[in-house]
Amino acid sequence: MWTFNLYKRPKINGAQLAAILPLAVVHTLGNLFTNMSLGKVAVSFTHTIKAMEPFFSVVLSAMFLGELPTLWVVASLVPIVGGVALASVTEASFNWCDYALVLDSKTSSDPLGAGFWTAMASNLTNQSRNVLSKKVMVNKEESMDNITLFSIITIMSLILLAPVAIFMEGVKFTPAYLQSAGLNVKEVVVRSLLAALCFHAYQQ
């Protein structure tokens with residue numbers, strides 16, 4: 001959007017980049033934990049657990065920003081927490097022993113509860129990013145709008161994660177590998193770009 005002048009190009013200095021780096025780290029971890037959870041349990045269950053994000057937001061805001069929730073806010077969290085707990089215990093793959101990190105591979109497809117705990121870790125890291133973003137935006141002299149801030153976070157997150165992805169799965173990105181798997185390279189590239197645009201717009 002900056003290349004095609006669809007949005008005003010920001011002027012960022014080194015101090016701002018240093019302040020944004022922790023946001024990029026927790027943003028990267030948040031997406032990593034989400035995908036780990038999706039790989040372990042049903043998509044619906046992961047998103048049910050991620051419905052707890054408002055709870056984490058309130059707790060972290062109180063801890064780091066001093067923003068104490070009102071009684072009405074606390075009351076609004078009760079059905080969220082209760083709903084997630086109810087959905088968890090009625091989930092087909094849920095087992096209390098599993099989520100206490102007790103190995104029992106016969107009763108669950110996710111014996112160590114990794115799907116549950118990584119979804120919870122995603123809640124923690126994503127809301128940490130949001131709380132830290134508020135702290136970055138507080139300084140009016142160095143402030144930037146939310147779209148610019150999140151775009152920079154995303155770019156830095158890409159730089160952090162790209163070496164890891166290439167090291168672990170680099171061979172799978174080559175045209176030869178995709179063709180050997182029976183995939184259309186052009187179609188994969190187009191769909192990947194569309195997915196990236198939609199995901200970025202969704203997170204904005």
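Only the coordinates and a few stated rules stand behind these numbers; no lab work does. Being a predicted model, the structure only gives us computed values, none of them experimental. Glycine gets a Cβ as well: all are built from the backbone with ideal geometry, and neighbour counts include every protein chain shown.
Can you flag which of 11/50; 50/134; 11/135 are past 24 Å Cα-Cα?
Values: 11/50 34 Å; 50/134 21 Å; 11/135 19 Å.
From 11/50; 50/134; 11/135, over 24 Å: 11/50.
Counting Lys and Arg as +1 and Asp and Glu as -1, what is the net charge of the other residues whose Cβ lies under 13 Å from the Cβ of residue 179? List each step's numbers first, then the result.
Details: positive: 172, 186; negative: 187.
Net of charged neighbours comes to +1.
When the Karplus curve 6.51 cos²θ - 1.76 cosθ + 1.60 is applied with θ = phi - 60°, which whole-Hz ³J(HN,Hα) does each residue of the stretch 117-132 get, with x for Gly and Pro?
3J(HN,Hα) across the stretch 117-132, in whole Hz: 5, 6, 5, 5, 5, 5, 4, 4, 6, 5, 6, 4, 4, 5, 5, 5.
Sorted by average packing, counted as other Cβ atoms within 10 angstrom per residue and highest first, what order do 41-49, 73-81 take? Mind showing how you got there, number by number?
Working: 41-49: 17.3, 73-81: 12.4.
Going from most to least packed, we get 41-49, 73-81.
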